[in-house]
1. Report the FRET efficiency, 1/(1 + (r/R0)^6), for GLN134 and THR89, where r is their Cβ-Cβ distance and R0 is 30 Å, rounded to 0.05.
2. List the residues, sorted by chain then number, that are 5 or more residues from ASN252 or on another chain and whose placed amide H is less than 5 Å from its amide H.
3. So, with a 1.4 angstrom probe, what is the percent of accessible area on the stretch 156-195 that is carbon and sulfur?
4. So, with +1 on the Cβ of K and R and -1 on the Cβ of D and E, and no other charges, what is the size of the charge dipole of the chain about its Cα centre, to the nearest 20 debye?
5. If the limit is 30 Å between Cα atoms, which of LYS182/LYS282; LYS182/LYS304; LYS189/LYS280 go over it?
6. May I ask you to compute the full-extension gain from SER290 to GLU302, defined as 0.36 nm times their residue separation minus their alpha-carbon distance, rounded to one decimal in nm?
7. Can you work out the FRET efficiency for the pair VAL161 and LEU343, with r the C-beta to C-beta distance and R0 = 22 Å, to the nearest 0.05?
8. Could you give the length gained on full extension between THR121 and VAL57, defined as 0.36 nm per residue of separation minus the Cα-Cα distance, in nm?
Amino acid sequence: MKNLKTKNILAFFIMLSIVVGSLSSCSTDDNSSSSFAPPVINSVSRAQEGDLTPTTVGYANNMYIIRGSGFLSLEKVYFNDTDTYFNPTLVTDTAVFVTVDQNTPYENASNELVLVTKGGTVTYPFVVAPPAPQMLRGFNPVNASEGDEITIYGNFFLDPVVTFGSIQAEVVSNTLTEIVVKAPAGSDKQYVTVTTISGSVTSTYALGTALYDDIWYGGFAPPDWNNHVYETNDTAAQGTTYFKKNMGGWDNLQGEWSWDDQIADYAGIRMSLKGPEGSKIKLVFNGNWSDDTAPVITLTSEWKEYYFTWADLLNADHVQNISFQEFTGDGGVYYFDNIGYILK
């Protein structure tokens, strides 16, 4: 969830001051009394303009209004057993404004809000949810069959539900950063979606569309004489393994010759690339080295996914060869991963 937008901050705090002021005027001045009423929580709402809709789910770095009574002697606020700072000037007998600390745990947590006052302690059911799930290295293997186990890589995978299209998959195991599922029947050519209490994220490519994920399919792998290197670690664009080549100026990396004309379901090809910042590499498709219209790709030093339609590739009706040429004359180390088809 996003924090309050900058343009709304002034208006929000004007509202906040009015609310606190009005509540303060209704509260008792008998703070010297040795007797304090026990605290009661009636509701928790996100502190934002408009309707203060009660909620039992919150997010770190967001401010919430706790409403009830007996808060004037507030001493401690805890979200999931985390001691949370509060500003005493934003506390009245009937309202507390407090921001959930960014380090509040959300896995294996108590899911409770606790207020401690001189009059006692009150506990209220309240879930601090993780950020929306992320797919950071996609899933692997891409070309899995029904019943195969697939690993999804990312973050904030708390109690996930995984679907292939609209088909729910069996979750075999999961941590906050990896989910293992079984590919269900009917999952081929479907995108993968992970859903948690905080939202959903969907893969940018579909099951069964890989030419290269962590291994090559279809006979298009570059022969060894290219002197490229495969590396396996957690810096891949997809899965765990990518390949790279230290290319001299105008050097190339050539794929093997093969043939695939079963491309009616596809709109083109995709690939993830990176290289020296601002470097250029030419995609040489189906051996058309002299094609003046071939894509020349400007790279960054971070992985980026690139898409090319068949129209971009001389209206190709088959895939025969995928090669690359260094196109600055300066050379450098170029990285390649996640090569496959784009669904129509």
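1. Details: r = 37 Å, r/R0 = 1.23.
Result of the calculation: an efficiency of 0.25.
2. Close amide H contacts, sequence-distant or interchain: GLU326.
3. 49
4. 1020
5. Details: LYS182/LYS282 38 Å; LYS182/LYS304 28 Å; LYS189/LYS280 32 Å.
Listed pairs above 30 Å: LYS182/LYS282; LYS189/LYS280.
6. Values: separation 12, 0.36 × 12 = 4.32 nm, distance 2.89 nm.
Between SER290 and GLU302, full extension yields an extra 1.4 nm.
7. Working: r = 23 Å, r/R0 = 1.02.
So the FRET efficiency works out to roughly 0.45.
8. 21.0 nm
The values are calculated or read from the model by the stated rules, or taken from the named source; none is laboratory data. Computed from a prediction, not measured in an experiment: that's the story for all the values here. As a convention, Cβ positions derive from the backbone with ideal geometry for all residues, glycine included, and neighbour counts pool all protein chains shown. Side chains are part of the model used for accessible areas, which takes the heavy atoms of the whole protein and leaves out ligands, DNA and RNA. Shrake-Rupley method; radii C 1.70, N 1.55, O 1.52, S 1.80 Å.
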